[in-house]
1. Condition first: part of a helix (DSSP H, G or I), of a type in the set (D, E, K, R) and more than 16 Å from F381 (Cβ to Cβ). Now tell me which residues in region 439-498 satisfy that.
2. Scan region 64-75 and give yes if some residue there is polar (S, T, N, Q), part of a helix (DSSP H, G or I), buried (at least 17 other Cβ atoms within 10 Å of the Cβ) and free of Cβ contacts under 8 Å to residues at least 60 places away in the same chain, otherwise no.
3. Restricted to region 580-602, and to residues that are among the charged types (D, E, K, R) and modelled with pLDDT of 90 or more, which residue is farthest from L497 (Cα to Cα)?
4. Going through region 510-527 one residue at a time, which ones are buried (at least 17 other Cβ atoms within 10 Å of the Cβ), polar (S, T, N, Q) and farther than 19 Å from E498 by Cβ?
5. If I ask for residues that are among the charged types (D, E, K, R), surrounded by fewer than 15 Cβ atoms within 10 Å (Cβ to Cβ) and either on the phi > 0 side of the Ramachandran plot or at pLDDT 70 or above (or both), which ones from region 106-153 would you list?
6. Could you run through region 528-553 and say how many residues are assigned to a loop (DSSP other than H, G, I, E, B), of a type in the set (G, A, S) and open to solvent by 40 Å² or more (accessible area, probe 1.4 Å)?
7. Out of all the residues in region 2-46, which are part of a loop (DSSP other than H, G, I, E, B), in contact with a Gly (Cβ under 7 Å, 6 or more places away or on another chain) and open to solvent by 90 Å² or more (accessible area, probe 1.4 Å)?
8. Between a residue in region 153-167 that is of a type in the set (A, V, I, L, M, F, W, C) and any residue that is surrounded by 20 or more Cβ atoms within 10 Å (Cβ to Cβ) and not in a strand (DSSP E or B), which pairs come within a Cβ distance under 7 Å, given they are 6 or more apart or on different chains?
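The values are calculated or read from the model by the stated rules, or taken from the named source; none is laboratory data. This one's a predicted model, so the numbers in the text were calculated from it and none came from an experiment. Note: ideal-geometry Cβ built from the backbone for every residue, glycine included; neighbour counts use all protein chains shown. Side chains included, ligands, DNA and RNA excluded: accessible areas come from the protein's heavy atoms. Shrake-Rupley method; radii C 1.70, N 1.55, O 1.52, S 1.80 Å.
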Amino acid sequence: MKKFDFSVPKELRQSSKIRIFGIGIHGDDFVIEFVDKKDKIQRIRSYITGDKHNDVESIRKLVESRLSYFFDEATTAYCTGKLVDAIDVLYDTDAVHAIEKIKKHQRVEAAKLDAEAGEGEKEKPVYTVKKFSGVTTVSPNGIGLAEAVIIGGKPLFAYTINGGTSVTFYEELETEDMILRPPGKQEYPPESAFEFESEDEFIQHIGIANEEDHLYKLYKDVRKFYTKDYFVDTEPKNSTLLALYTITSYFQDKFSTVPYIWLIGDNGSGKNSILMTYSWLGYRVFYMSGASGANICEYLGTVEDGQGTIAEDELGNLDEDEYKKLLYMTGYAFGGCVPKILDASSRDREQRYYRSYCQKMSASESLPSIKYSKGVLDREFIIKCLKGFPKYNVKMTKKRTGTPEVLRLVNELQTIRKRLFAYRLVHFDDVIGEIQGLSISGRALELTESALLLFHKYKSSSTEDDDDNKNKIFNNEIIPTLSAFLNDRSNRRNDSLEARLYPIIKAMTDAQNSDEFDNDTIFNTVQVEIGGRDIPGKSDIFYVDDLGITVTRTKIMKILKEKFKAVPVRTILLDGSTKRALKISSEVLERIKASYEDPWEIKIISAEDTSDQVDQPNQVIDQYRGQKKGDNQGETPSSNKQSEREDTPTGAENDLKKAIETPQISAR
C-alpha cells in the first residue's frame, strides 16, 4: 500500500505546548507523529476499518492515552481535540481516496482467507498458562481454579473446586475460544515450578491446608525466614512487611491493587538475600537481573492477570527502558496491560495485550530519577538495606552442597512454599470483604489493601485464645507496620518541590485573604520560605540544598499552572501599574491538600473496635522512631529531624504570614 501524507494544522505544527510532526496514512493505519519532551519523534498508529465513527473514536483514545504519558492533562486534552477534529475532516476530504483503497484491499484479503478456510471449523489457538480461573469445559457452573503443577515429572493442571474438597488433574484445558496447556519444567524460571512426587503428596498438602494450617500460622512460619535467625538481618518492621507481601502474593488476583517493594543499598547490604528468600517463598517468582520489559511481558502472558510475581535485582535501567516503565506503571492495578505489535514490518502483524498486573520486588543501589519515574515510585514501599549478619546465607540453598544443614533448610523452604500454595487452592473461592471504618483511602489504601483485607478476613477462628493471638498480631504488628511504611512514603512525597510549594501558597492565601499574587511576590516568597540559596549573577534562579535541586522562576510558575491549576491574570497595584500574576483557586488548594496531607495512620473506627486498637499504631510507630542507634537499620538523626520539621508546619506558615507584601487589587 502507498503512503499518503496530509498537511498538519498550523496550531498543531507551531504549538508551544506540543509539535505535531506529521499526519498520514501508511499501509492500513492512520499515523500521527509528534515530538516528545526529549525531542524524540514518537508515532501513534491506528488501524483503519473504514467505519468513520469507530476509526475517529479509536484515534481519540490512542492519542489521549499516548500523549498523557508525555504531557500534562491540559496539553493532552487540547492536542487530542485538535487532532481528532483534523482526522474527522480528512476522512471526508483529502483521505477519502486512500481510505477507499484500504477498504477494497481489506475485502480482497478477507475473501482470500474465507476461501482458504473453506467450510471447516478454525482451530483454537493454544496458550501456555501457569494458572487459570475462568470458565472451561470442565468448570461446574464456571467455578474453579486450575494451577499448573509438576506431578512425578509430568506437567498437569490441578483443578480444584469447593475449597479443595475436589481435585482433578488434566493435561490440558479448553475454553470457548482457546486451548490451555501447563508449562513443562524447562519453561519455568529456575526453582519456580510447584513440584510434587505424586498425586498423593499433592492431596496430602491440600488436607493440611484444610484441617491444620491457618493464615497467621503461615505468617509466623514465613516471617522467620526474613529475620537474622535465618537469612535476613533487618528491622522488625521490614521482616513483617516482607512476610505480609510474600503471603499476599498467593492471593494477588483476589484484589484490585498490589504494592511494589523496592530495596536500596550498597553492595553487600543484603538486598540480594531478601530477593532470593522471596524467590523461594513467593508465588511463581520470576527472579532475574537485566530483563527487558519484553521478557517480563512474555512471562506474564496475555491470557489472565497474575500469572506470577517479579523479583528483579539491579534494576538500574528503568529510566531508559520506557516499555518496562510503562509495565511497572500499569501493573499495580488489576486489568493493567501493555500493548505490543508482533511482526510489525509484515502485513500479518498482530497486536497483543500483555498482562502487567502482579506484585513486583526490585533492588538497586539507588532509586531511579523521580523526574522520569515518579509514577512508579508512588506505587512502592521502600526498604533501605544495610549490611547485617544473618545466621545463614540463603545463597547456599541454591548450591545444593548436600550437607545436612543445607538439606534441612531447603526442605523447610520447599515445605512452607507448598503449604502456601495449597492454602491458596483451598481458600481461593473465599469472599474477602471490605473493612468498614478504615481511616485511609486513595493510594494509601491501594498499597495496603491486600494485606489488610486478607489478614482481617482470617483473624477470627474457632477458639477464643487463638482469636486473641491473631488480634494481637493484627493490631500490634500488621497495622503498625503498614502505618509506618505509609508514613515513610508520606515523608518521601513531601521531599519534592510541589509538596514544598503547597504550605507556602496556602499560607499566602490565608494571610492575604486573596487568591491572586503577582509573579515577583510568589517567586521571592517561595525562595525565602524554602531556604533557597542565591546563585551569583542569576536573579531568577536559586538552589535548594536539602532537595538538591536548582529552582527557576519558570519552574515555579509552571508547577503552579499545571499542578495547582493557577490561571494567569494581570494585577493592578496601588500605584496604578499592572503586573503579571496568578490566580489560585481555594477549592483547588483544598484538593491538593488531600494529596500532600494524605492520612497514613491506619485505624479501624467502628463500634466493635476498642480504643486500644485505634491508638496502637501511634505507640508502635513511636517505638520504631525511637530505636537505638545500634539497631541494624534504624533511622538516621537527619531523618528524625526531618520528621520533626514536617510534623510542625504551623510555625513556618505563621512566619510566612508576616512576610506577605502590601495588599493588591485585582484587575477586572
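1. Going residue by residue through region 439-498, those that are part of a helix (DSSP H, G or I) are 442-457, 464-494, 497-498.
Filter again for of a type in the set (D, E, K, R), leaving 443, 446, 449, 457, 464-468, 470, 472, 477, 488-489, 492-493, 498.
Scanning region 439-498 gives K457, E464, D465, D466, D467, D468, K470, K472, E498.
2. There is at least one residue in region 64-75 that is polar (S, T, N, Q), part of a helix (DSSP H, G or I), buried (at least 17 other Cβ atoms within 10 Å of the Cβ) and free of Cβ contacts under 8 Å to residues at least 60 places away in the same chain.
3. Within region 580-602, the match that is farthest from L497 (Cα to Cα) is R580.
4. Kept after step one, since they are buried (at least 17 other Cβ atoms within 10 Å of the Cβ), are these residues of region 510-527: 512, 514-519, 521-523, 525-527.
Then drop every residue that is not polar (S, T, N, Q), which leaves 512, 514, 519, 521, 525, 527.
Result: Q512, S514, T521.
5. At the first step, the residues of region 106-153 found to be among the charged types (D, E, K, R) are 107, 109, 112, 114, 116, 119, 121-124, 130-131, 147.
So of that shortlist, the ones also surrounded by fewer than 15 Cβ atoms within 10 Å (Cβ to Cβ) come out as 107, 109, 112, 114, 116, 119, 121-124.
Of everything in region 106-153, those that are among the charged types (D, E, K, R), surrounded by fewer than 15 Cβ atoms within 10 Å (Cβ to Cβ) and either on the phi > 0 side of the Ramachandran plot or at pLDDT 70 or above (or both) turn out to be R107, E109, K112, E123, K124.
6. Let us first name the residues in region 528-553 that are assigned to a loop (DSSP other than H, G, I, E, B), namely 531-532, 536-537, 545-548.
Filter once more, keeping what is of a type in the set (G, A, S): 531-532, 537, 548.
From the residues that got through so far, the ones that are open to solvent by 40 Å² or more (accessible area, probe 1.4 Å) too are 531, 537, 548.
Total meeting the criteria: 3.
7. Pass one, region 2-46, residues part of a loop (DSSP other than H, G, I, E, B): 2, 7-9, 14-18, 27-28, 36-40.
Cutting the leftovers down to in contact with a Gly (Cβ under 7 Å, 6 or more places away or on another chain) gives us 8.
Hits for region 2-46: nothing passes.
8. That search, which allows pairs on different chains as well, returns L156/P182; F157/P182; A158/F202; I161/G144; V167/I206.
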